[in-house]
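Below is one structure, written out as structure tokens; comments come after it.
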Amino acid sequence: MTAGATPTAPDSTVGRMADLEHRRARAVAARAPRRRGALGARERIGRLLDEGSFCETGMFVRARATAEGARRPYGDGVVTGYGTVDGRPVCVFAQDSTVFGGSMGEAFGEKTVALMDLALKTGCPVVGLNDSGGARIQEGVASLALYAELVRRNVRASGVIPQISVILGPCAGGAAYSPAITDFTVMVDGASHMFVTGPDVIEAVTGERTTAEDLGGARISNAVNGNAHFLAADEEDALDAVRDLLSYLPANNLERPPRYAPGSAPDGDPLDHVVPDRTGQAYDMRAVLRSVVDDGELLYVQELFAPNIVCALARIEGASVGIVANQPLHAAGVLDIDASEKAARFVRFCDAFGIPLLTFADVPGYLSGVRQEQAGIIRRGAKLLYAYAEATVPKVTVVVRKAYGGGYAVMGSKHLGADVNLAWPTARIAVMGAEGAVGVLHRRELAAATDPEALRARLVAGYESTHGTPYPAAERGYVDAVIAPRDTRAHIGRALRALRGKRAPMPERRHGNIPL
């Protein structure tokens, strides 16, 4: 202070401004070292949102004083607020692992719940950046109560606003159930862990020895149990995945998905030759999808889980679509328990947010076997039937090759409410494949034949020429058109334009009872 200067009074405007800046500095200061390579909570938000768009809420919230000398840092371990992604509003919270290990206390939970309420009132997506040690033990039942309050908000928001969880560190115990209810979960390879019970407790209770990575690491969660939807290489990749995902989604269930300038149409001629001439020979369904969508770009959902079915977001003529397709490269595209549940959840998400459904069928049916039956293929496979039948968004189906038995019915058939059904000339729509059908229908003739193999070949050829084509289904109106594969994109585009104003009122009810 220079000679003769007057000291700043504590309650003066200048003094109050200085006090504000001092408190802000305390609020944003890290309380403990971060893990190697990990970004801070505010850094993560800054990388996710448009530059300079973040408005923080609850910066000066503090825990209630519960014990003499208890620490009460500003923010209480979670950063909450709102901003924009590509100019569109988003609410976001980021758990701060440098404050009480990111554990949820009462004030922490109240801040998060308040943000969820704000997102619901304003109708914008909410993104949660999770990095938490779980419930704050020293606050007892209060922290548990706020977990339940948060889950209640997740359920209220389900189907109303998109909810995205990003796991950037540990997420254990009760904390894992909130991401499980949200629409999409992103995990970072080698850094994220999500489980109900940790390795130490499991060993103490059951004697089993495991690691956090083997129990609930990012790869296990993406490829084995299906708890996660996207696998990111690092935190930057995870946040980029969220921005990419949001570009396909509406802000809420009352708005249409965003539209962009139509992308370029890939060359459709290769589609005429994509299906092999030999029955049973595999091909990559992703090549078909890339030849239909704008710029050949797809955002695969749960790409590593149940790879016998493909779920992806894409655009056609600049508008978002949800794609479900059998993948012949994996188990011939058969529907098993995991594939059914994966696709059913994706179909229901698209229906909740007005995203048209595009189905590509090449399916031999539901997987048979003792393990599948005992694990509940009837109940769990029915989820996909329920999801398609319940969906009221525009539904367009393309039968590429085989569509047998229950697989034909479930994969977007006219009978489950599809609006436009197309088939390639290579389509085989029947109760079962020719080999199996001949074995059942002509068992006695084959047993009595002097040359059963020659007879079998003639019978198979006859079955395929009559039942193994799309034309019997087309004659009954189950298929609206048999088209050249190279014209698929054009037909889909016309169908989606015609269905843009679709209305499909449902009976008044509280909700259906999906076979969970």
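The values are calculated or read from the model by the stated rules, or taken from the named source; none is laboratory data. All values reported here derive from a predicted model rather than from experimental measurement. All Cβ positions, even for glycine, are placed from backbone atoms using ideal geometry, and neighbour counts span all protein chains on display. Accessible surface areas use protein heavy atoms only, side chains included; no ligands, DNA or RNA. Shrake-Rupley method; radii C 1.70, N 1.55, O 1.52, S 1.80 Å.
Below, the figures for the structure above:
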read-out	value
Distance between modelled label sites at Val370 and Met59, nm, 7 Å Cα→Cβ extension	6.5 nm
Straight-distance crosslink candidates among lysines, where the alpha carbon sits under 22 Å from Lys502 and sequence neighbours closer than 8 are dropped	Lys395, Lys414
Calculated [θ] (222 nm, deg cm²/dmol) that DSSP helices of n ≥ 4 give over the chain, each run adding -39,500 (n - 2.57)	-10500 deg cm²/dmol
Cα pair distances in region 377-516, grouped into 10 Å bins until the bin that holds the longest one, percent each	11, 32, 29, 19, 8, 2, 0
The chain - convex hull of the alpha-carbon atoms, volume per residue in Å³	199 Å³
List Asp277, Asp117, Asp480, ordered by accessible area with a 1.4 Å probe, largest first	Asp277, Asp480, Asp117
Peptides 254-264, 410-420, 203-213 ordered by average Cβ neighbours within 10 Å, highest first	410-420, 254-264, 203-213
Shape call, region 117-251: gyration tensor on alpha carbons, a/c limit 1.5	oblate
Relative contact order for the chain, counting Cα pairs under 8 Å that sit 6 or more residues apart, in percent	8 percent
Student exercise, region 176-242 dipole from Lys, Arg, Asp, Glu Cβ charges, in Debye to nearest 20	300 debye
